[in-house]
1. Restricting attention to the stretch 18-56, which residues are among the β-branched types (Val, Ile, Thr) and at pLDDT 85 or above?
2. Return the pair list, or none, for Cβ contacts closer than 8 Å from residues in the stretch 53-67 that are within 26 Å of Lys119 (Cβ to Cβ) to residues that are modelled with pLDDT under 90 and loosely packed, with under 15 Cβ neighbours inside 10 Å, at least 6 apart or on different chains.
3. Considering only the stretch 83-106, I want to know if a residue exists there that is over 20 Å from Gly19 (Cα atoms), modelled with pLDDT under 95, small (Gly, Ala, Ser) and in contact with a strand residue (DSSP E or B) (Cβ under 9 Å, 6 or more places away or on another chain).
4. Under 6 Å between Cβ atoms, at least 6 apart or on separate chains: pull out the pairs that start in the stretch 140-161 with a residue that is closer than 23 Å to Ser22 by Cβ and end on any residue that is surrounded by fewer than 17 Cβ atoms within 10 Å (Cβ to Cβ).
5. Would you check if Thr2 is loosely packed, with under 14 Cβ neighbours inside 10 Å, of a type in the set (Ser, Thr, Tyr), touching a Cys at 6+ places or on another chain (Cβ under 9 Å) and closer than 24 Å to Gly153 by Cα?
6. What are the residues in the stretch 105-141 that are in a loop (DSSP other than H, G, I, E, B) and closer than 15 Å to Gly174 by Cα, if any?
7. Which residues, taken from the stretch 17-27, are touching a helix residue (DSSP H, G or I) at 6+ places or on another chain (Cβ under 6 Å), part of a strand (DSSP E or B) and surrounded by fewer than 24 Cβ atoms within 10 Å (Cβ to Cβ)?
Amino acid sequence: MTLARDLLGRILFFDSPKGLLSGRIVETEAYTGAADPASHAYRGATPRNMVMFGPAGYAYVYFTYGMHHCLNVVAGRRGTAGAVLLRSLEPLGGLAVMQDHGVRGGDERLCSGPGKICKAFGLTLRHNGLDLTRGPLGIAAGQPIDDRLVEVGTRIGIRRAADFPYRFTIAGSGSLSVRARPV
């Protein structure tokens, strides 16, 4: 849970073949592994979710619904699954490249959902397992977010354990996937 909160305000960047892309993280969701029925790691390690079992600081990218890639930051120690889904970013740099990737909407909405982040940044399964501390995909410090601006709510887009208060957003951001549902 700590990482999901602490990622708010940090900068996701990708030094892509088409140029440097960046965005401020404004929405996250935590998935806590074996204790979390909504986690990909709930039933144990598989070839698909192996990167979730640590170490922390790696990208877990998966393909869902036959159409979207989603990016998570691995949060657990080696052998203990955990990840934080990046749900929304406020785009900062490389907006023309993001638009060239086929993302629609105004600048503020280019990364307003987990599938839109990966589409805008050109991230696919080939980026799964990248070390986020060594680039070309990584997370920079950004600016700390005052606790008064952080909303905690329930997760969205899932059926199991949707009522867990594991979603973190920066209040008032126009880039959120949907408005926060406070707990």
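The values are calculated or read from the model by the stated rules, or taken from the named source; none is laboratory data. Bear in mind that the values here come from a model prediction, so they are computed numbers and not experimental data. Using ideal geometry, Cβ is built from the backbone for each residue, glycine included, and neighbour counts are taken over all protein chains shown.
1. Across the stretch 18-56, the qualifying residues are Ile25, Val26, Thr28, Val51.
2. Short answer, once both residue conditions are applied: Ala56/Arg77; Tyr62/Arg48.
3. Yes, the stretch 83-106 contains at least one residue that is over 20 Å from Gly19 (Cα atoms), modelled with pLDDT under 95, small (Gly, Ala, Ser) and in contact with a strand residue (DSSP E or B) (Cβ under 9 Å, 6 or more places away or on another chain).
4. So the pair list comes out as Leu149/Ala171.
5. No; evaluated as a whole, the condition is false for this residue.
6. The answer is Gly105, Gly106, Leu110, Cys111, Ser112, Gly113.
7. Once the filter is applied, which keeps residues that are touching a helix residue (DSSP H, G or I) at 6+ places or on another chain (Cβ under 6 Å), part of a strand (DSSP E or B) and surrounded by fewer than 24 Cβ atoms within 10 Å (Cβ to Cβ), the stretch 17-27 yields only Gly19.
Results for (1) surrounded by 12 or more Cβ atoms within 10 Å (Cβ to Cβ); (2) in contact with a Lys or Arg (Cβ under 8 Å, 6 or more places away or on another chain), shown as yes or no for each residue.
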{"position": "Ser112", "(1), (2)": "yes, no"}
{"position": "Ile145", "(1), (2)": "yes, no"}
{"position": "Arg148", "(1), (2)": "no, no"}
{"position": "Ala162", "(1), (2)": "yes, yes"}
